[in-house]
1. At a Förster radius of 35 Å, what calculated FRET efficiency corresponds to the Cβ-Cβ distance of E277 and V352, to the nearest 0.05?
2. Rounded to the nearest Å, what's the spacing between the alpha carbon centres of the range 63-82 and the range 329-376? Just the number, please.
3. Can you tell me the length gained on complete extension of the stretch E97 to N224, counting 0.36 nm per residue apart and subtracting the Cα distance?
4. Return a whole-number percent for the relative contact order of the chain, with Cα pairs under 8 Å and 6 or more residues apart as the contact set.
5. With the contact rule set at Cα under 8 Å and sequence spacing of 6 or more, what percent relative contact order holds for the range 311-369?
6. At most 12 other C-beta atoms within 10 Å and a DSSP loop state: those are the exposed trypsin sites (Lys or Arg not before Pro) I care about. Give me the longest piece of the chain that has none.
7. Give me the orientation-averaged projected area of the Cα convex hull of the chain, in nm², one decimal.
8. What is the gain in length, in nm to one decimal, between E192 and N86 on full extension, counting 0.36 nm per residue of separation less the C-alpha to C-alpha distance?
Amino acid sequence: MPYTSGFVIHPFAPLPEFQLPLAVHIVHLSFPNTSSAIAKTMDSVHEIAITGQNLPAKYIYTDSINPSQDPSIPLPLLEIPVIDFNRLATPSIGTGEELERLRSALSSYGCVMVTNHRVASSLMDRVRLVFKQFLALPMEERLKWQKEVDGFDGYGSDMIVTKDVAVVHDFTARLRLITWPEDRRQMKYWPEKPHDFREVLDEYSSKLRVLHDATLKAMARSLNLEDDSTFLKVIREGGTISSRFNFYPPCPTPDRVLGLKPHSDGTVITFVLQDREVEGLQVLKDEQWFRVPIVADGLVLNVGDQLEIMSNGEFKSPIHRVVLNPKKERISMATLSFPQEGKQIEPFEGLVSRERPRLYRQVKYNGVAQLGYYQSGKRVTDEVRI
Ligand SMILES: O=C(O)CCC(=O)C(=O)O
Ligand SMILES: [Fe+2]
């Protein structure tokens, strides 16, 4: 059946062929300091965290999120490949070797830890700080930058685009903003408090754009593509880069609630700036969940679904999730690049051969469809696999 861009998830759709490892039965748990009056009137993740109200059932999994795992034993740490960006970008110091390490890591893990990326550690700290300062503002102030129910940019929880009643919601509050191209920025959603929020985001996103472009070029070179702008063109031709700040409150029952459900990113690529102290990101590799380590000043680079398709499966878009900490809140900030809405995404000719036949059909990029896949535990790569 051809895949079309007019995406609707039918409430009684048959079970998808591929489902991410989730339990979807819902039970009810309560947070300390229960206040049911507040529970009735407020239901944003942030307010639940502050007031300690009952945790609504829609956030709770019946089964442990690690069913086969002894909860007293922590999950293993991922030996995430570390890529020295400086070596990738400086031809005189062994670029070829680093390119091969990049290619090999992205074809097995789908993610790497990027170091020496030329984004100052102090700037990364300022990004974390302005977001924490924003979160500490009174609710009325934060709500000035609230997203529209059916929009992407702004502060709040994602719109729910699936009618699947079994969907368990993520326990996170987000602030998402397009940062590039500049004429696509919607300033009405860019917080003015703290006073330097906009300036810090502007500075960080311009550094990340340089890193993003150079990384996509290195990825193309690592596959010996003639034109190293092959992947980058997809962003340059009407695509966008967004910043998504994520806030995960502490949760006394972290084995029943997830910050982000298992997913692969619907992006071309994603860079994650993690919390400096609190772990939470986990990656599924060989059917086992691993904790992603915090590397001082490292940025996690994930292949997104669009790049998996364009690279004809040479690069893998990794399944990952975010778990909550029982005592500490966690923040992160993802830099996400997307193709233009409606853009045809397909494997590049240069990566299709008799030895490596085409793995995916053509698909039109559709942001709402991507969100639907995410919420239903599906992946576009499975939908368009030949
Ligand atoms: O919070 C994190 O570490 C990861 C965030 C993430 O996976 C996402 O925003 O898609
Ligand atoms: Fe993600």
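1. 0.20
2. Cα centres, the range 63-82 to the range 329-376: 28 Å.
3. 44.4 nm
4. It comes to 21 percent, rounded to a whole number.
5. Relative contact order for the range 311-369 comes out at 42 percent.
6. 119-326
7. Averaging across all directions leaves 19.1 nm² for the Cα convex hull.
8. Length gained, E192 through N86: 34.7 nm.
Here, each number is a calculation from the coordinates, and none is a lab measurement. Because the structure is a prediction, the values reported are computed rather than measured. FYI the Cβ positions are ideal-geometry reconstructions off the backbone, even for glycines, and counts take in every protein chain you see.
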